[in-house]
């Protein structure tokens, strides 16, 4: 059983997370390149999940600042300016948190979603099977019928504009994003804060995506995403994969074992000073 020094893991993540001052992102173009390099990152750092984030790559390893004029909040402007573009895919995806995904990796996520054929009809089958809530169905149908809508208009069109429906609306909005059915495509001046996302159907906004994902097998998609994650963090435990991606344990184990056979990963590793068995990259030089 191989033992990996903890300092190796820490120094590897310092590079992939861009923690060192000399590696920090300084422009929107560098931010786009960072997402493409990593495949997918969080917008903010998320407690309980080890993964690169745009905030950390710009502002360093520190909590997200409450002050609106903090230099790290330049990330907010970059994100808003590129909503719905082809620079990156932004939506609440992993753990239903704000995620940025490169378009090279996006089809592998989509291949694991509940989207199979015609986006105008598939959602009805999912609703009949109990995989889609009534609130999610109403939101999806409002966008399908009316085209892109901002949050205020969308709540009205989905008949959920009362104060008591806000929680159900937001949960449905997150569910639809996590399954790659809808995404924010812009910012409007609507609402009390004069700031609201406009949403559209993913398959309509990026019509090439379903076809790109169609030829990808689920096993290949999981292997690609698992390896992409390991290339960002260097080492993780099986529970990290199942938690982050929402996979069942047997699915994650098959993906990891296939990558181990290919020589991409090593299983049963130990991390110095850390409990349990770990999955680790076979080669650590390429970040």
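The values are calculated or read from the model by the stated rules, or taken from the named source; none is laboratory data. All values reported here derive from a predicted model rather than from experimental measurement. Glycine also receives a Cβ, built like all others from the backbone with ideal geometry; neighbour counts cover every protein chain displayed.
Does residue 183 count as in a strand (DSSP E or B), outside the structural domain of residue 88 (by TED's automatic domain parsing) and surrounded by 18 or more Cβ atoms within 10 Å (Cβ to Cβ)?
Answer is yes for this residue.
Taking residue 31 and the conditions (1) under 19 Å from residue 274 (Cβ atoms); (2) outside any loop (DSSP other than H, G, I, E, B), which numbered condition does it fall short on, given that it satisfies the others?
Result: residue 31 passes all but (1).
Name, by its number, the condition in (1) over 21 Å from residue 93 (Cα atoms); (2) touching a helix residue (DSSP H, G or I) at 6+ places or on another chain (Cβ under 8 Å) that does not hold for residue 139.
Residue 139 satisfies every listed condition except (1).
Testing residue 275 on (1) closer than 30 Å to residue 1 by Cα; (2) not in a loop (DSSP other than H, G, I, E, B), one condition comes back false. Which one is that?
Of (1) closer than 30 Å to residue 1 by Cα; (2) not in a loop (DSSP other than H, G, I, E, B), only one is false for residue 275: (2).
Only residues that are more than 21 Å from residue 224 (Cα to Cα) and in contact (Cβ under 8 Å) with a residue 12 or more places away in the chain: list them for the stretch 49-62, please.
Correct list: 54, 55, 56, 57, 58, 59, 60, 61.
If you check residue 42 against the conditions, is it surrounded by 19 or more Cβ atoms within 10 Å (Cβ to Cβ) and touching a residue at least 60 places away in the same chain (Cβ under 8 Å)?
no
Of (1) over 12 Å from the mean Cα position of the chain (by Cα); (2) outside any loop (DSSP other than H, G, I, E, B); (3) surrounded by 16 or more Cβ atoms within 10 Å (Cβ to Cβ), residue 100 satisfies all except one. Which?
All conditions pass for residue 100, except number (1).
Going through the stretch 135-159 one residue at a time, which ones are surrounded by fewer than 21 Cβ atoms within 10 Å (Cβ to Cβ) and assigned to a loop (DSSP other than H, G, I, E, B)?
147, 148, 159
Would you point out which residue out of 73, 68 is at pLDDT below 95, in a helix (DSSP H, G or I) and either out of contact with any strand residue (DSSP E or B) (no Cβ under 9 Å at 6 or more places or on another chain) or not assigned by TED's automatic domain parsing to the domain that holds residue 19 (or both)?
Sole residue among the options that is at pLDDT below 95, in a helix (DSSP H, G or I) and either out of contact with any strand residue (DSSP E or B) (no Cβ under 9 Å at 6 or more places or on another chain) or not assigned by TED's automatic domain parsing to the domain that holds residue 19 (or both): 73.
Consider residue 231 against the criteria (1) surrounded by fewer than 16 Cβ atoms within 10 Å (Cβ to Cβ); (2) in contact (Cβ under 8 Å) with a residue 12 or more places away in the chain: it satisfies all of them except one. Which criterion is unmet?
Result: residue 231 fails condition (1) only.
Would you pick out the residues in the stretch 257-272 that are part of a strand (DSSP E or B) and under 14 Å from residue 222 (Cβ atoms)?
Result: 265, single match.
Go through the stretch 186-206 and count every residue that is in a strand (DSSP E or B), out of contact with any helix residue (DSSP H, G or I) (no Cβ under 7 Å at 6 or more places or on another chain) and surrounded by 19 or more Cβ atoms within 10 Å (Cβ to Cβ).
1
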